1. Hey, could you check the stretch 281-297 for residues that are more than 9 Å from ligand 1 (Cβ to nearest atom) and within 18 Å of Ile102 (Cα to Cα) and say which is modelled with the lowest pLDDT?
2. So which strands (runs of 3 or more DSSP E) are wholly in the stretch 316-383 and hold at least 3 residues that are in contact with a strand residue (DSSP E or B) (Cβ under 9 Å, 6 or more places away or on another chain) and buried (at least 18 other Cβ atoms within 10 Å of the Cβ)?
3. Across the stretch 210-221, what is the number of residues that are over 22 Å from the mean Cα position of the chain (by Cα) and within 14 Å of ligand 2 (Cβ to nearest atom)?
4. Is it the case that the stretch 215-222 has a residue that's over 30 Å from Phe417 (Cβ atoms) and among the small types (Gly, Ala, Ser)?
5. Could we say that Leu264 is over 19 Å from the mean Cα position of the chain (by Cα) and not hydroxyl-bearing (Ser, Thr, Tyr) here?
6. Just give me the residues in the stretch 207-227 being away from ligand 1 (no atom under 13 Å from the Cβ) and without any contact (Cβ under 8 Å) to a residue 60 or more places away in the chain, in sequence order.
7. Could you go through the stretch 154-162 and let me know if any residue there is closer than 28 Å to Arg362 by Cβ, assigned to a strand (DSSP E or B) and not hydroxyl-bearing (Ser, Thr, Tyr).
8. Could you check Glu195 against (1) touching a residue at least 24 places away in the same chain (Cβ under 8 Å); (2) farther than 13 Å from Thr252 by Cβ and say which number it fails?
Amino acid sequence: MSSKRSSRRRFIKTSAALASLGAGMSLPVNAQIPRPPGYPPRRPDEHYDYGIRSPFVTSKRIGTNGQRGTDPREGRPRDYGFRTPHHELFGTITPSSLHFIINHGYDAPNIDPVEHRLMIHGLVERPVMLSLDDLYRLPAVSRVHFIECSGNSNVTGRRFYPGWLRTQPEATVQDTHGLASCSEWTGVLLSTLLEHVGVKKEAKWFIAEGAETGFHSKSIPMWKALDDAMVVYAQNGEPLRPEQGFPLRLLTPGFEGVNNVKWLRRIKFTDQPQLSKRETSNYTSERADGTFRWFEFENGTKSVITRPSGQMKLSGPGYHDITGIAYSGRGAITRVEVSTNGGRTWQDAEIQGTIHSKAFTRFRLPWLWKGEETVLMSRSTDDKGDVQPSVAEINQELGLNLSHEWLEAGNPGTSHFNGIQPWRVKRNGEVENALFTV
Ligand SMILES: Nc1nc2c(c(=O)[nH]1)N[C@H]1C(S)=C(S)[C@@H](COP(=O)(O)O)O[C@H]1N2
Ligand SMILES: [Mo]
């Protein structure tokens, strides 16, 4: 469709919805605008050195309470995973301060960037030790990409987690989808570095290793190194945050979070994978027959409505803008459909802003809520033709029977879950998680 036609269609849709504003929303004609606040107190100098947000803005990451994870220093359970508050965000770039965090039990190390080195070795002609300055001298690329942990939206039973957030009616979009975030990343393509080191043709894999106490490491197939993997030193225009891997991280666009090794200090080219803990016993999917799938890499296409979403309350019937994010680990989003009647009919949502491959894409749909109970959901499609599956389709593919009862009974659940997310809007305007109950 030409952009002219689509913007015309958008205009018609929006103006039809706005025409009802009179009925749905009251805009008082004689209202007084509030007086400007008085002469402000002088702010501390640090706020001019490095800006901070208004004290009225309070969105924050939340930990994943009730999930496993033991502090290696204190031997006691701790929050595992800090989630992005999608319901309070706009557009497609996650503020760096609110990017989700998964560290396997360790705090971010304090690395001096001047001392830090990246070693590239193994099946290469010329092994190297690179400093940050060496990397700054090489051709840089800046790209917008999401990262998503394969544990995001996981539908996991009592067997693994004492409290499962995903399935309960009170879950917010931060609980269900908070382990995904999107940034503009800057660094050097791994393929550029390969020209310098001369990789041997026997190389089929590379192993990336982090510098924290636990030395997180991961095997990644060679084709990703030749395609779009990057060694990244900046996020949203400034050096990486410690929690995101300062001073260096690997970025494997569209691959499950675990591959994006933070505090990157070593890349070794090999002819086989290493079979480390986090590619055998962790981050693998259990099948119905009790065996596990290894080496899944790309995140499937996924979308979620972020407003209105779980625990929000609609102020009243009438016009509301439905908005959310869509993404795919395989390419660009080409279509997002929204249903406002529990999946009986679907409408094409408008894509807002620029579409980047393997990146958050914002969608919106104008909606006239008549005050009845209903269920909202979204469904994304990417440029490989993949369509976000329903829970029934996921069950069929994995041979599962996901439901509250099935999970309570201790049956396998699944991570890598990209099913359609339903939100129930109740007659009083309250919104709740409707997974497994539509
Ligand atoms: N060095 C190191 N890299 C790591 C991890 C880690 O614990 N240590 N966690 C991985 C996992 S499982 C995920 S989902 C992503 C999360 O990236 P983020 O914390 O920047 O959001 O980092 C990956 N890279
Ligand atoms: Mo992860």
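The values are calculated or read from the model by the stated rules, or taken from the named source; none is laboratory data. This is a predicted model, so every value here is computed, not measured. Cβ coordinates were reconstructed from backbone atoms using ideal geometry, including for glycine residues, and neighbour counts include every protein chain displayed.
1. Looking at residues that are more than 9 Å from ligand 1 (Cβ to nearest atom) and within 18 Å of Ile102 (Cα to Cα), I get Ser281.
2. In the stretch 316-383, 318-327, 333-339, 361-369, 374-382 are the strands (runs of 3 or more DSSP E) which contain 3 or more residues that are in contact with a strand residue (DSSP E or B) (Cβ under 9 Å, 6 or more places away or on another chain) and buried (at least 18 other Cβ atoms within 10 Å of the Cβ).
3. Total meeting the criteria: 1.
4. No: zero hits.
5. Yes.
6. Met222, Trp223, Ala225, Leu226, Asp227
7. yes
8. Among (1) touching a residue at least 24 places away in the same chain (Cβ under 8 Å); (2) farther than 13 Å from Thr252 by Cβ, Glu195 violates only (1).
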